[in-house]
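Please read the structure below before turning to the comments.
The values are calculated or read from the model by the stated rules, or taken from the named source; none is laboratory data. Everything numeric in this text was worked out from a predicted model, so none of it was measured. Here the Cβ is made from the backbone with ideal geometry for all residues, glycine too, and neighbour counts use every protein chain on show.
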Amino acid sequence: MESFLNLTIKVWHQKGPTEKGRFESYKVEHISTDSSFLEMMDILNEKLIKENKEPIAFDHDCREGICGMCSLYINGRPHGPDDDITTCQLYMRKFKDGETITVEPWRAAAFPVIKDLIVDRTAFDKIIAAGGYISVGTGGVPDGNNIAIPKDIAEQAMDSAACIGCGACVAACKNSSAMLFVSAKVSQLALLPQGKAESKRRAKNMVKKMEELGFGGCTNTRACEVECPKNISVSNIARLNREFLKSEFSE
Amino acid sequence: MSNFLSVSIGRKFLMSITGIFMMLFICVHLTLNLFLVFDDSGNLFNVGANFMSTNPLIKIMEPILALGFIIHIIWAFIIYYQNYKTRPIGYAVTDRSYSSNWNARNMLVIGALVLTFLVIHLINFYYVIKFDSAAMGQVTIDGTQMHNTYALVAGLFKGSVIYGILYMTAGILLGFHLSHGFWSAFHTIGFNNENWIPRLIVVSKIFAVIVATGFSIIPLYFMIKF
């Protein structure tokens, strides 16, 4: 049932990448429990604009959990206090009346803050550019069953490909490691015939790029898997470790 | 293979194999230690200890084991520091308990506590056995003269409740370390998949419980019985 909340929003403010940031608290009133978290942020921003203040900058795009653009570390968890969702799919019914909600940007050396809650995630694009593709044309759609792929393998590849690259794994990880992201990208290709040929080189190049960009290493806490909006499994990380070690030991 | 150790997976590979190696050592160590509680005359343990100290294979393994320990320990601090640098500005509010276990996040802290114990443990027993063996006294079992290691170990636990509690705590801490370390070691070398993750975690927990109870039951036995 719809009810209404009065909340205090404690939000990170930072003018630019090199500026020093700080927390600022705002009051929002009469927020419907049926509204989404980002709608609440919109209401707050409208209020700020009317008061001639600068609105809070945050990332968002499709607002239906597909694009991976929204971020936000809400009350100590990436994408907020709900499971298997992105921030845009988070609803205000997850909060209590009178609560103080702390909203922070993703924190990682590899994800520098651009402004307020927006972080620069081009590091992920650079990792992809280091090898997250197939370097030859593999032609159009082949005839059905021309290339035999067992169903369970196809499904695993599909599950890995579900990664939207939002960066929640990095935000959740105590080491700011991008291993879940890299492993999902390596796996979706390594599992299928077209991608297999380059799998060793790909694993090596992408992992090296990840390190170079300042992401940490994996200590298997599995926090990434729990906080991932797309349920990417840490079994991908085991596969990445395998591919990487195979690549290293074969040289 | 160039720059293998400059990449985190390479560094962790070293943590993983030294970890697995030390777990094998722990199995041998625990088995021999349990001789303490199965024979109050001490003969069984003394024969076991004598076998270990005279066996040429053990002589070869001893420096390798020490190397394993040193690599694992030093590497842990290096890896921790490198991972620590990746988040210059921390979060104001975190709710990590939702997504991960306490012991998985604090392997370094638990490991460092076990290391502190290890130093005390080496002073208590290893130093005496290696460099001050005259202090132990001799026993003759089945015509073979050997050091009375049983008296050294049992004497410590019979004489001091504090040491007993320390050794029990260390056993439990080691259990926490291994409950994450065991499956994690296999995961890091790539021996894992969707089916094996739950299996390895179950084995990990069983192994941790066996090690923790096994090691802490020994001082407890001496504290209760004597």
Hey, among A:Lys185, A:Lys204, which residue is basic (Lys, Arg), closer than 26 Å to B:Trp183 by Cβ, in the same structural domain as A:Lys126 (by TED's automatic domain parsing) and buried (at least 24 other Cβ atoms within 10 Å of the Cβ)?
-> A:Lys185
Candidate set from the stretch A:226-251 (those that are surrounded by fewer than 24 Cβ atoms within 10 Å (Cβ to Cβ) and of a type in the set (S, T, N, Q)); member that is farthest from the chain's Cα centre (by Cα) = A:Ser250
Among the helices (runs of 4 or more DSSP H) lying completely within the stretch A:122-182, list those that include at least 2 residues that are within 11 Å of chain B (Cβ to nearest Cβ) and closer than 22 Å to A:Trp106 by Cα.
-> A:168-172
If only one of B:Met22, B:Met52 is more than 15 Å from the chain's Cα centre (by Cα) and under 29 Å from B:Thr213 (Cα atoms), which one is it?
-> B:Met52
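Please specify each residue of the stretch B:87-128 satisfying the condition of being touching a Phe, Trp or Tyr at 6+ places or on another chain (Cβ under 7 Å), within 27 Å of A:Asp84 (Cα to Cα) and in contact (Cβ under 8 Å) with a residue 40 or more places away in the chain. Reasoning before the result, please.
Looking only at the stretch B:87-128, we keep the residues that are touching a Phe, Trp or Tyr at 6+ places or on another chain (Cβ under 7 Å), and these are B:91-92, B:103, B:108, B:110.
Next, only the ones that are within 27 Å of A:Asp84 (Cα to Cα) stay: B:91-92, B:103.
Listed by number, the list holds a single entry, B:Asn103.
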Conditions (1) surrounded by 20 or more Cβ atoms within 10 Å (Cβ to Cβ); (2) away from every other protein chain (no Cβ under 14 Å); (3) under 18 Å from the mean Cα position of the chain (by Cα): number failed by A:Leu192 | (3)
Note: among B:Ala76, B:Ala66, B:Ala104, just one is within 11 Å of chain A (Cβ to nearest Cβ), outside any loop (DSSP other than H, G, I, E, B), within 16 Å of the chain's Cα centre (by Cα) and not polar (S, T, N, Q), namely B:Ala76
